[in-house]
Each structure stands twice: as structure tokens, then as C-alpha cells.
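The values are calculated or read from the model by the stated rules, or taken from the named source; none is laboratory data. In this text, all values refer to a predicted model and were calculated from it rather than measured experimentally. Here Cβ is always computed from backbone atoms with ideal geometry, including for glycine, and neighbour counts include all displayed protein chains.
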Amino acid sequence: MESSGAAGRINISSATYQQVKDFFDCEFRGKVQAKNKGAIDMYFVNSIKSELATDSDGQTPNKKFFVLYDRLA
């Protein structure tokens, strides 16, 4: 997956996306050939969801983010 990523971007698989989609805005990038796995759906993580961030860039989580996270733990 590392070799199919893009500089400065976080690249995640569909399985990881399913785990983080409630917390992060992600961009589907299509099927990507992964070594020993074939074509798999891949996503870029763009930011923390706006309602879960303290800043407009979605870089810093707010209290609601941690409350939701703690419920899953």
C-alpha cells in the first residue's frame, strides 16, 4: 500500500476506512493493486470531520471526538 500512496497523504484500505469513517472525512480513490492482494478499494484521509474538530482545517480533535472514541473503546 505504501508504494501506491501519494506524498503527504494518508492512504488507507477499505477495511481501515470502515473503522474510521465516523471520525474522518475520506476520499475514495478507487481500486489499487496491492502486493499479494490484488485490486482493493483505497481511500485518502483528508481531515477530521468538521463537527469533531476544533479548527476549520480538521487537524485537531475536539471533546466530542474523544467522547465518541471512548464509547467504542
| query | For the stretch 21-40, how many residues are among the hydrophobic types (A, V, I, L, M, F, W, C), modelled with pLDDT of 95 or more and surrounded by 15 or more Cβ atoms within 10 Å (Cβ to Cβ)? | reply | 3
| query | So which residues in the stretch 41-67 are buried (at least 16 other Cβ atoms within 10 Å of the Cβ) and part of a helix (DSSP H, G or I), if there are any at all? | reply | LEU52, PHE65
